[in-house]
Every structure is written in structure tokens, then in C-alpha cells.
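What follows is a short report on a single structure.
Nothing in this text is a laboratory measurement; each read-out follows from the coordinates by a stated rule. Fair warning: this is a prediction, and the values are worked out from it, not measured in the lab. Cβ atoms come from the backbone with ideal geometry, glycine included; neighbour counts cover every protein chain shown.
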Amino acid sequence: MANVRVAVRVRPLSKRETKEGGKIIVEVDDKVAKVRNVKVSSRPESFGDTREKVVAFGFDYCYWSVNPEDPHYASQEVVFQDLGTEVLSGAAKGYNICLFAYGQTGSGKTYTMLGTPVSISTDFLEIYNERVRDLLKRSNQNKSYGLRVREHPELGPYVQGLSQHVVTNYQQVLRLLEEGIANRITAATHVHEASSRSHAIFTIHYTQAVLQNNLPSETASKINLVDLAGSERADPSYCKDRITEGANINKSLVTLGIVISALAQNSQVFSSCQSLSSAASSGGDSGVPSTTSGTSSGGGPVRRQSYIPYRDSVLTWLLKESLGGNSRTIMVATVSPAHTSYSETMSTLRYASSAKNIINKPQVNEDANVKLIRELREEIDRLKAMLLSFELRNFSSLNDELDESLKELILQNDLKVGVLRGPS
Ligand SMILES: Nc1ncnc2c1ncn2[C@@H]1O[C@H](COP(=O)(O)OP(=O)(O)OP(=O)(O)O)[C@@H](O)[C@H]1O
């Protein structure tokens, strides 16, 4: 089990914000981001305004990237050092990784996401108006539109027909990233501002061949780098005059919000079930039910686990494993420091706070045969230990039969291991 790790990054004031006299209302203190409400704080105390002047949010990482002169300034290198290292070390261990950037348009999502690439094979897609487009399809651009999302029973959701590109070095990854981004931008010139309305997912498939217990084995992990559309597009009032585009962008982002809050709620239900079961008297069933209803043994009502509507949008469907599934996930919430973005900043930080509660279930993506061999070997060891303890205790002939069955089981498992390993 692993919680989604959440980082917040505050970018510099933009030229426009500076020109408009933007006041800096966000501040970072170690792992805490604080937002000041200038409307409240500029009034004298006696007005009795009950709204909070400063709201503080705690995260796993907080980056102050407002002014390079500042001693606490977090450069791109500092961010990569933390998040990039987490991404790469997780993938190297065989975990799926997802790093996604969330925040209002122009808050620095793309800036933060670019530059963590490594590895073996990659693909790059864009979700625009709930349609999936291949950003790296070189021949017949028309075919790159409208790809279908499907779901593999073990590997999870994927895009059918998405082109895969084998890479052998960092430069090639960068070139593919640039090519995909250029395709996004070309499309953006046809559809005004398309890049901030679309979501882009750059995936690195990282496969490693290793020798485990003298057996050749493979771990295959995925690194998803997700650049989302501006978060303000999830706001119905923002989108009301942009019927189709707005509604669709809205759909993916709104569904993402629903999925995040349902998962966060379920994680709380899960934790309360766990504390209830550990508080209950020993000897009972300590398993946590996947759905609970009615009254708990502790006396209080236990809430039912919410249904997670992953398939309600293409984005959440494709990110299913990254949100509550088999992935270590990091969310970077990007914000502007300006007072003019107060509402968006507060809403982004609330969103990020809720994402912090999501519990994922990452596991090393082990080769199925190697896993089976490992399990059989573990069973052989267990059986041998049992056999030994019988022999040591020198049980009577009553146990001879059991002894024979154990030996038979060990032999059968040894044979299975031999078949799985193939001719040596
Ligand atoms: N940490 C930062 N340091 C310096 N400049 C930054 C930083 N973050 C963002 N910027 C600058 O701010 C501008 C907007 O950033 P960016 O394009 O990454 O925003 P975005 O959130 O991806 O926007 P959109 O949702 O429209 O795609 C860019 O000019 C970028 O160079």
C-alpha cells in the first residue's frame, strides 16, 4: 500500500501578473504551502470577518520557484532530484509509476513535467474532446485520431493501435517528446489554445532483464507522465459558453475530481475498517471487507465503499492503475503566486489535499513464470521443513502415510519447477 505523494510548486509571477501589480499570496514553509486571502487580511480586525486570513496545506514536497535569487528557490534540478529519483528508482524496482501535473492554465505543469525521461520504449498520446490522438504517428496523420481505449484483464487499460517507439538513449527520448509536443502545437494553431484544453500522456515502457535465483526474469514497468488541461476547465461556469470542447474537457477533469474524491473517501473507509478490526478482540477475522455496510462490530455505522467511475472519461480510464491501482503515483500541483488567482490556487490545493489520501497498491511487475517458480520453491521449502519436523519428532507409523504424501508433493513441485525452467 502506498499513498499518492503530492508535491506543490509555485512558479514565478508572469509578465502579465507583474504588469497587473500581482501581489504574492502564496508562501512555502518546508512542507507547508500557505495561501493568504488579501481581501480578508487587508481589512482591520474590528470588521469581524470570520473567514481565515491564511490557509495552510501540508504536502510531501513544496517547491518555491518564484525567484531564483531567493535562498529557498527550487530549481528544475531540485524538483527532478526529488521526483525524478522517486520515479526512476520505483521503475527500476519494477513498479508502475505515474507522475501527473495538475493546476490552472499557465501555472507551470508542462514546465515541471518536461525533463525526467529515460529508457526503452515510449508512446505519446493526447486526449482532446474525449478522443485519443497519437502524437507520434508519422504516416497518415488522419489515422492518429480517434484511437480506442481497451482494457487488458491483467495489464489494465491501454490505447489500441498507439505507435510504440524503441529508444536507446536519453537524446532519443527527448526527440520523441519534442516531436509529440510539436504535433500538439501544430494542432493548437488549427484549434485555438488546444494545448491547454487537452491532456497529454507520455509513457515510457521500461523493461529490465535480470537474473533472479539463477533464473532469467523480466520486470516490465511503465512511467506515465501526464500533463493535464488547465484545471479551471473543470468549472462549469468557465465552460458554459464553449459547448462541445468545454463540455468534454470538463468531463475528463470533472470525472478526475470525482474519482480522486471517491478514492480518498474509500481510503478513509479502509483506514477506519482497519482500525476497527485491530481494535476488535483478537481471534476475529482481521480481513478488511471490500464493501461494507450496516453496523460495524465497534457499534458505529460503517460507510459503504464508493463505486469509482473510472470509465466515465477517457482520462480516468487510462489512469485507472495510477489512481488507486498498481502504481506509485506522484501528483504535482502547480500554482500561481498571484492574488488574482486566489480561487484557482485554493481549489488546486484542496484537490491536491484530497489526492493525498488516495491509497494505491503498487506491486513489482514480476514475470508470471518466475513468480510461479518462486511460489513453488517456497512451497517446497515449507513442505521440506514439515517433513523434517515429523522426522525429528520421530512420529509413529501413523505418520508414514503423511510422510509419503509430503514427499510426493515435493517431488511434484520439483517436477513443475523443472518444466517451467525448460531444458537447461
Ligand atoms: N517554475 C517555473 N520557472 C520559470 N518559469 C516557469 C515555471 N513554471 C512555468 N513557467 C513559465 O510559465 C509559462 C506557463 O507555463 P506552462 O506552459 O508550463 O503552463 P501549463 O500549466 O502547462 O499551461 P497549460 O495548461 O496552458 O498547458 C511558461 O512560459 C513557462 O516557461
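Below 13 angstrom from the Cβ of I97, what's the summed charge of the other residues (Lys, Arg +1; Asp, Glu -1)? If you can, show how the numbers build up before the last one.
Details: positive: R5, K93, K222, R328; negative: E86, E321.
That sum, taken over residues with Cβ under 13 Å, equals +2.
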| field | Cβ-based net charge around K356, under 12 Å, with every Lys or Arg adding one and every Asp or Glu removing one | value | +2
| All lysines inside 17 Å of K39 as judged from Cα atoms, apart from same-chain residues fewer than 8 positions distant | K23, K53
| query | Taking K and R as +1 and D and E as -1, what net charge do the other residues with C-beta under 14 Å from the C-beta of I223 add up to? | reply | -1
